[in-house]
Amino acid sequence: MPFDPISRRTFAKLSAAGALAIATPTPAQEAGATPQKTQQNKLKYQEETRAKRIAWWTEARFGMFIHWGLYSLIGHQEWVMESEGVPIPQYEKLAQHFHPKPGFATEWAKLAKRAGQKYMVLTTKHHEGFCLWDTQLTNYNAKQQGPKRDLVREFVEAARAEGLRVGFYYSLMDWHHPDGIRCATDEAARKRFVDYTHGLLRELLTNYGKIDILWYDVNQPLTTEQWKAEEMNKMVFDLQPEIIVNNRIKAESRPWESCDTMNLGWGFQLHDTEWKSPKRIVDDLTTCAQQGGNYLLNIGPEPDGTVPPASVTILETAGKWLATNGESIYGTQGGASVSFGNYTNFTRKGNTLYIHVYFWPSHTPAAQWLDFYQPPTVVAIGGVRCKVLSAKLLKTGKPLTVHQDAISLRITGLPEQAPDSPTSVIACECDQPPVVDHHAIRPEWPRYKTNMS
C-alpha cells in the first residue's frame, strides 16, 4: 500500500513539521501555524550523501530542543523583545545579568539520556541576536558579556559526553543587529548583514568539531537569493559534510520532524503551568513514529540553566517507558496506520506491528450483551491488512491469544488493568509489513437484512 507521510494524518495537535536536508532556508512557523510548502532544490552534493547522513537520524526518532537565551531572564517566552516592544538599550542590560550555573549543560544532557532522546538542538542565537558562543564578529555574546563563558562549547561537550548527537539552531532574523531590518532596503546594509550571518555560521561549524544538525529559523527580511542561500549552504556542507540541515516547512516525501513544547511556550515562561501529560507526550512521539517522522521535544530552562521540575518529570516518565518499549519507536518505519484508533496508536518495524494502547479497554458495559467483548478485556482493531501470527505484551513478554477474521483483529488473554504506563504496547508478528486501515473494511463487511419498512 502506498504511503504518504503527511496527507493521511494531519498533525493538528503538534506544532509545525520540519523537513530535513533542505537546500535553502525558508520561513519558520510559530506553534499552531500551518507549515508552509516550499520548493525542494536538490543539489548533487547533498543528494549523493543524503542516505548516509540521514541514517542515524531516522533511527533516533526522539530529540531534545532547547530554547534558552536572554529572554529567559524575563520569563515571558522567547519572543518577548518584539511581542512586548522592549527598548533595545534596556534589553541589552540583560546580558550582564545572565549567569548560568556551572554544569548546566551536563544536567541537560544527562536528562536527555534518561529521557531516551538521541540528539539535542540548542538555540545558539535566537531572534534577539545574542550569541551564546565566543564569536569574534560581535561583542553581544556570552564570552564578552555576563557569563564570560562559551556556552555553546559547554553544550557540545556535555552532549558528546553522553553519546548524544549535537545540533545548532540558528535564527537568520535578528532584532538587535543594526542592519537586521534595514538590510531589506539598503544594499550596503544587506551586504554587511549577509557577510555577518555567513561569518557566524562559519564559526559555529568550524570551532566545535563534528556537528550533526543545523536548524535554520526565520529568513526574514531577505529572499533566498538575497541571503546568498546556495552559497551559504555550500559553505555549510564544505565545513560539515555529514551534517543534516533542517527547517520548519511542510513535510513531503522526505524525512521530517515535528517540534513541540511540553507546555504552551518555548523559552522559559515563569507562570506557564499548562503542562502536557506524559501520556500525551508519549502518544505524540508515537504518532510521529507512526508516520515515519521524528519528535523534537522542547525544554525552556530557567536563566541559570535549571530545567523546570515539571519538564524533568515528564521527560523521565517518557524515558522509563522507552526503556521497556523503545523497540516500538526507535528505527520504526512509517505507514503503520492510515486511520485512527479509539484508544490505540500504531507503529511498525519490518513485519512487526506495535499496538500502543493508551486507554486500557477492560470491562465495557456492552460485554454483557456482545460476545465480541468477551472475555472482559479485549483489544479490538478493525482493518489490519495482514495476518497476525502471534502477539505478546512488551512489558511482560506474556503471549496473548489472537482471533482474526477479514474484518477485525481481537486480542485476548490480557490483564484487567493496564500492564504499563503511560501506555501499554502489544507486539504482533505478521506475515508481511502491517498496515491498519479500518476504512478499508467498509465494502468488505457482511451486510445483513434488518426490519425496514
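The values are calculated or read from the model by the stated rules, or taken from the named source; none is laboratory data. Keep in mind that this is a model prediction, so the values were computed, not measured. Here the Cβ is made from the backbone with ideal geometry for all residues, glycine too, and neighbour counts use every protein chain on show. In case anyone asks, the SASA skips ligands and DNA or RNA and just uses the protein heavy atoms, side chains included. Shrake-Rupley method; radii C 1.70, N 1.55, O 1.52, S 1.80 Å.
Screening ASP420 on (1) more than 30 Å from ILE314 (Cα to Cα); (2) modelled with pLDDT of 95 or more; (3) surrounded by 11 or more Cβ atoms within 10 Å (Cβ to Cβ); (4) not small (Gly, Ala, Ser) shows it passes everything except condition (1). The residue that is nearest to THR287 (Cα to Cα), among those in the stretch 208-266 that are surrounded by 19 or more Cβ atoms within 10 Å (Cβ to Cβ) and small (Gly, Ala, Ser), is SER258.
Note on the stretch 376-417: residues that are in contact with a strand residue (DSSP E or B) (Cβ under 6 Å, 6 or more places away or on another chain), more than 20 Å from GLY341 (Cβ to Cβ) and open to solvent by less than 80 Å² (accessible area, probe 1.4 Å) amount to 1. Is it true that some residue in the stretch 260-273 is part of a helix (DSSP H, G or I) and either touching a His at 6+ places or on another chain (Cβ under 7 Å) or at pLDDT 95 or above (or both)? No: the stretch 260-273 contains no residue that is part of a helix (DSSP H, G or I) and either touching a His at 6+ places or on another chain (Cβ under 7 Å) or at pLDDT 95 or above (or both). Here LYS93, LYS101 are screened, and the one residue that is open to solvent by 80 Å² or more (accessible area, probe 1.4 Å) and among the basic types (Lys, Arg) is LYS93. Residues in the stretch 281-299 that are open to solvent by less than 10 Å² (accessible area, probe 1.4 Å) and not in a strand (DSSP E or B): ILE281, VAL282, ASP284, LEU285, THR286, THR287, CYS288, ALA289, GLN290, GLN291, GLY293.
With respect to the conditions (1) open to solvent by 60 Å² or more (accessible area, probe 1.4 Å); (2) modelled with pLDDT of 95 or more, TRP56 falls short on a single one, namely (1).
Within the stretch 305-345, the set of residues being within 30 Å of ALA142 (Cβ to Cβ) and either among the β-branched types (Val, Ile, Thr) or modelled with pLDDT under 95 (or both) comprises THR306, VAL307, VAL312, THR313, ILE314.
Based on what the data block shows, is LYS228 at pLDDT below 95 and either within 23 Å of GLU82 (Cβ to Cβ) or basic (Lys, Arg) (or both)? Spelling it out, it is not the case that LYS228 is at pLDDT below 95 and either within 23 Å of GLU82 (Cβ to Cβ) or basic (Lys, Arg) (or both). Quick one: would you say ALA159 is open to solvent by less than 60 Å² (accessible area, probe 1.4 Å), more than 30 Å from THR273 (Cα to Cα), part of a helix (DSSP H, G or I) and not β-branched (Val, Ile, Thr)? Against the criterion (open to solvent by less than 60 Å² (accessible area, probe 1.4 Å), more than 30 Å from THR273 (Cα to Cα), part of a helix (DSSP H, G or I) and not β-branched (Val, Ile, Thr)), ALA159 does not qualify.
Entry remark, the stretch 321-363: residues being over 27 Å from TYR373 (Cα atoms), small (Gly, Ala, Ser) and part of a loop (DSSP other than H, G, I, E, B) number 4 in total.
Residue-by-condition table, conditions (1) within 17 Å of ASN247 (Cβ to Cβ); (2) over 29 Å from the mean Cα position of the chain (by Cα):
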residue: HIS176; (1), (2): no, no
residue: ASP179; (1), (2): no, yes
residue: ASP195; (1), (2): no, yes
residue: ARG202; (1), (2): no, no
residue: THR206; (1), (2): no, no
residue: GLY209; (1), (2): no, no
residue: LEU222; (1), (2): yes, no
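Selection of first residues in the stretch 85-110 that are within 19 Å of TRP133 (Cα to Cα) and of second residues that are among the charged types (D, E, K, R) and open to solvent by 40 Å² or more (accessible area, probe 1.4 Å), restricted to Cβ pairs under 7 Å at least 6 apart or on distinct chains, gives the following pairs, ordered by first then second residue: HIS99/ASP304; PRO100/ASP304; LYS101/ASP304; PHE104/ASP304; ALA105/GLU154. Yes or no: GLY305 open to solvent by less than 40 Å² (accessible area, probe 1.4 Å), among the small types (Gly, Ala, Ser), touching a His at 6+ places or on another chain (Cβ under 6 Å) and farther than 18 Å from ALA55 by Cα? Here the answer is no, as GLY305 does not meet what is asked.
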